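Note sheet for the following structure.
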Amino acid sequence: MELSLLKCTTDQLDVLVEISRSTFRDTFEHLNDPKDFHSYLETAFDKTKIENELKNSELSYYLVYNEGKTVAYFKVNRAASQTDIADTDSLELERFYVRREYQGLKIGNWIMAQIIYFAQKTGTEYLWLGVWEENQPAIRFYQKLGFIKFRKHAFYIGKDKQTDWLMRLDIPKL
């Protein structure tokens, strides 16, 4: 497996919107009310919204490729673009998804190593993320990497109020 990543620009907008919607749908659609889920999907992954986010210098999307195929993507937020903490010493990992057919191949571990290395190079003190409390496979994955739960916050899928765990990983110095 030959993995590579590419920081997204508006040139990759269509690919980014497609992988964002399909991975979120594959992961959560069966666990949510169809009306609430559809409402969230249309709002959160709206093409114009994502295009505007790509123009924001405080956040970045990355696509992960294997042999020319887009297998995963992630989004990181800095400073004021963070959804909750807004700490200039931290980096938020807001979205982190691997296509279903590529799960179990250690792609998530490879991506996380890239993110941690970037955080180290930029002097980031800690990485944090929100994960749905019902998403136990993801929670176990993050815990194995050393993330610890430090808070909770509300997350809405349509009108359905859910609870996310906020998890943190202190970044070792280079």
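What size of dipole, in debye to the nearest 20, comes out for region 3-170 about its Cα centre when the only charges are +1 on Lys and Arg C-beta atoms and -1 on Asp and Glu C-beta atoms?
340
Express the Stokes-Einstein translational diffusion coefficient of the chain in µm² s⁻¹, to the nearest whole number, given a Kirkwood radius over alpha-carbon pairs, 4 °C and a viscosity of 1.567 mPa s. The diffusion coefficient I find is 78 µm²/s. If you take the square roots of the eigenvalues of the alpha-carbon gyration tensor of region 131-174 and sort them as a ≥ b ≥ c, do you get rounded (a/c under 1.5), prolate (a/b over b/c) or oblate? Here region 131-174 falls in the prolate category.
Taken together, the values in this text are just the output of simple stated rules run on the coordinates, not laboratory data. Keep in mind that this is a model prediction, so the values were computed, not measured. Here Cβ is always computed from backbone atoms with ideal geometry, including for glycine, and neighbour counts include all displayed protein chains.
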